[in-house]
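Only one structure is covered here, and it is reproduced in the block below.
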Amino acid sequence: VAVAQERNRPDFLEAAKRLGDYYVAGAGQMLAPAREADYRATGTYGDSYVCDYFPAIEGLALLHRATKDGRYLRHAQRMAEFFRRFDALPVDHSHGNLCAWRGILMLYDITKDRAWLDAARAKWEAAVTGGFIWPIGGLGEHWHVKYHVTEACSESDWLRFNLELWRFTG
């Protein structure tokens, strides 16, 4: 979506819409409460349902902004509600987790529903007070206390998450 807008490429936006439509079409299966145990069993690392599916919240919110198609916003909200059932620290992959949380902040920006902002603030508070954030302000590739390996995408996501929180809360 961002590249489509930045480069004025309607064909890229059409590709993003096809991907968004795929997410919307699969909602009944992917967000089925009856499958929750299966999803928990996949863990929270980079090849899991919890890590790899929910970052699409952000993309769907971006699609809604670009197209004004309410289906994308509704599905992003539904995904975010379902995601919150799984989100508890520690988590094995901070990057995918923070992508989902940036999407939740985008839902707040679009809807002005304080529940999204309050949830994001609670996530920040849990990360900081729980010892998951390093003394220098960064975090590990995993949301684990004393995990000593990082990756730049997690650092970037944490910075962007903090900047958005600051923008909304001052």
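The values are calculated or read from the model by the stated rules, or taken from the named source; none is laboratory data. Here the structure is a predicted model, which means the values were calculated and not measured. Neighbour counts run over all protein chains shown; Cβ positions are idealised from the backbone, glycine included. These area figures cover heavy atoms from the full protein model, side chains too; ligands, DNA and RNA do not enter into them. Shrake-Rupley method; radii C 1.70, N 1.55, O 1.52, S 1.80 Å.
A compact table of results
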read-out: Which numbered condition residue 79 misses (of (1) in contact (Cβ under 8 Å) with a residue 60 or more places away in the chain; (2) of a type outside the set (Val, Ile, Thr); (3) within 30 Å of residue 150 (Cα to Cα)); value: (1)
read-out: Where a residue in segment 1-30 is touching a residue at least 40 places away in the same chain (Cβ under 8 Å) and part of a helix (DSSP H, G or I) and its partner, wherever it lies, is surrounded by 13 or more Cβ atoms within 10 Å (Cβ to Cβ) and aromatic (Phe, Trp, Tyr), with Cβ under 6 Å and at least six apart; value: 4/12; 20/72
read-out: Any hit, segment 12-35, residues being of a type in the set (Val, Ile, Thr) and open to solvent by 20 Å² or more (accessible area, probe 1.4 Å); value: yes
read-out: Qualifying residue in segment 120-129 (condition: in contact (Cβ under 8 Å) with a residue 12 or more places away in the chain, farther than 14 Å from residue 97 by Cα and in a helix (DSSP H, G or I)); value: yes
read-out: Subset of segment 51-106 that is within 20 Å of residue 15 (Cβ to Cβ) and either part of a loop (DSSP other than H, G, I, E, B) or touching a strand residue (DSSP E or B) at 6+ places or on another chain (Cβ under 9 Å) (or both) - its residue that is most open to solvent (accessible area, probe 1.4 Å); value: 68
read-out: Failed criterion for residue 136 (all others in (1) open to solvent by less than 50 Å² (accessible area, probe 1.4 Å); (2) without any contact (Cβ under 8 Å) to a residue 40 or more places away in the chain; (3) in a loop (DSSP other than H, G, I, E, B) hold); value: (1)
